[in-house]
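**Q** Before anything else, here's the structure in question.
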Amino acid sequence: MPRLHKYVSRDAHYVLTSIDGQVNTYQLTPAGEGKLAAAGIVAGQNFERAILLDLYRTGDAFARGGEFAEAVLANQLEMDFAHDPHPESAFPTCDDCRSVADLHLTLIGRATEVAARLLCPGCRATPANIADTSVPVSLLTRPLLSRLFELKSVGAKADNVLRYEALLDAAFALRWDAVRKQRSKSQAALFSDGELGGLDL
Ligand SMILES: [Zn+2]
């Protein structure tokens, strides 16, 4: 399960989650931070993958690539065994090496043989993967993706492109509502034992 962490040196947060045995770091935009705060998720807490997937889908969570120490990572791996209805395989990764860092949608090939793949910076730099179109996934929207596939006559979509497409199509609004409700319920339980007696809440 993803977990929200606060940077020691600044007033900002990041998310760690394990995918395919690797712990990955997702940075958050200010809007992403705001959404998590509004849902009642604070530093040190785990939350559902659906929430991180939704932030990724909207570009509010993004992976630049490795920044964290092993000690933190071992800890995170343990926590990720907790049950979560959304499998970690729902996260898009590089179609060549499974990295999550700085993925671009790349269109490679000509005319009727254009193939779409998601690639990390390392794999984009290999001669076999020189693309004529390369767009950071955080900039993609559903209409833009469909338009690109149409314009470039994309004939083949790699697994992670399909995964990303599914993510853009997914409706996560209900998950946010559920998390918000669940957290306000546990807040209420916290305050219901009379310790705040006399306060008109
Ligand atoms: Zn790669």
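The values are calculated or read from the model by the stated rules, or taken from the named source; none is laboratory data. Note that the structure is predicted; figures quoted are calculated from it, not measured. Methodologically, a virtual Cβ is constructed for each residue, glycine included, from the backbone with ideal geometry; neighbour enumeration extends over all protein chains shown. Ligands, DNA and RNA are excluded from the accessible area calculation, which covers all protein heavy atoms including side chains. Shrake-Rupley method; radii C 1.70, N 1.55, O 1.52, S 1.80 Å.
**Q** I'd like to check something: does the stretch 26-41 contain any residue that is among the acidic types (Asp, Glu), within 16 Å of the ligand (Cβ to nearest atom) and at pLDDT 95 or above? Break it down stepwise before answering.
**A** Applying the first criterion (among the acidic types (Asp, Glu)) to the stretch 26-41 yields 33.
Keeping just the survivors that are within 16 Å of the ligand (Cβ to nearest atom) gives none.
Checked the stretch 26-41: no residue is among the acidic types (Asp, Glu), within 16 Å of the ligand (Cβ to nearest atom) and at pLDDT 95 or above.
**Q** Look through the stretch 133-143, keep the residues that are under 21 Å from the mean Cα position of the chain (by Cα) and more than 23 Å from THR17 (Cβ to Cβ), and return whichever of them is most open to solvent (accessible area, probe 1.4 Å). Spell out the reasoning first.
**A** Quick first cut of the stretch 133-143, residues under 21 Å from the mean Cα position of the chain (by Cα) only: 134-143.
If we keep only those that are more than 23 Å from THR17 (Cβ to Cβ) too, we end up with 134-135, 141-143.
Values: SER134: 57, VAL135: 29, THR141: 69, ARG142: 64, PRO143: 96 Å².
Filtering first and then ranking leaves PRO143.
**Q** Let me ask another. If you go through the stretch 157-167, how many residues are open to solvent by 20 Å² or more (accessible area, probe 1.4 Å) and among the hydrophobic types (A, V, I, L, M, F, W, C)?
**A** Number satisfying all stated conditions: 3.
**Q** OK, next. Return the only residue of ALA111, ALA101 being aliphatic (A, V, I, L, M), out of contact with any Leu (no Cβ under 6 Å at 6 or more places or on another chain) and more than 29 Å from SER18 (Cα to Cα).
**A** Going through ALA111, ALA101 in turn, just one is aliphatic (A, V, I, L, M), out of contact with any Leu (no Cβ under 6 Å at 6 or more places or on another chain) and more than 29 Å from SER18 (Cα to Cα): ALA111.
**Q** Another question, then. Considering the stretch 7-26 alone, what residues qualify as being touching a Lys or Arg at 6+ places or on another chain (Cβ under 6 Å) and open to solvent by less than 50 Å² (accessible area, probe 1.4 Å)? So that I can check it myself, show each step before the final result.
**A** The initial filter retains those residues of the stretch 7-26 that are touching a Lys or Arg at 6+ places or on another chain (Cβ under 6 Å), namely 13, 16, 20.
Of everything in the stretch 7-26, those that are touching a Lys or Arg at 6+ places or on another chain (Cβ under 6 Å) and open to solvent by less than 50 Å² (accessible area, probe 1.4 Å) turn out to be HIS13, LEU16.
**Q** Taking the stretch 103-132 as the search range and keeping residues that are exposed (fewer than 13 other Cβ atoms within 10 Å of the Cβ) and outside any loop (DSSP other than H, G, I, E, B), which one is nearest to the ligand (Cβ to nearest atom)?
**A** Checked the stretch 103-132; the qualifying residue nearest to the ligand (Cβ to nearest atom) is ALA128.
**Q** Which condition number does ARG163 fail, the rest of (1) part of a helix (DSSP H, G or I); (2) farther than 25 Å from GLN27 by Cβ being met?
**A** It is condition (2) that ARG163 fails.
**Q** Looking only at residues that are surrounded by fewer than 20 Cβ atoms within 10 Å (Cβ to Cβ) and within 14 Å of the ligand (Cβ to nearest atom) in the stretch 65-102, which one is modelled with the lowest pLDDT?
**A** Among those that are surrounded by fewer than 20 Cβ atoms within 10 Å (Cβ to Cβ) and within 14 Å of the ligand (Cβ to nearest atom), it is GLY66.
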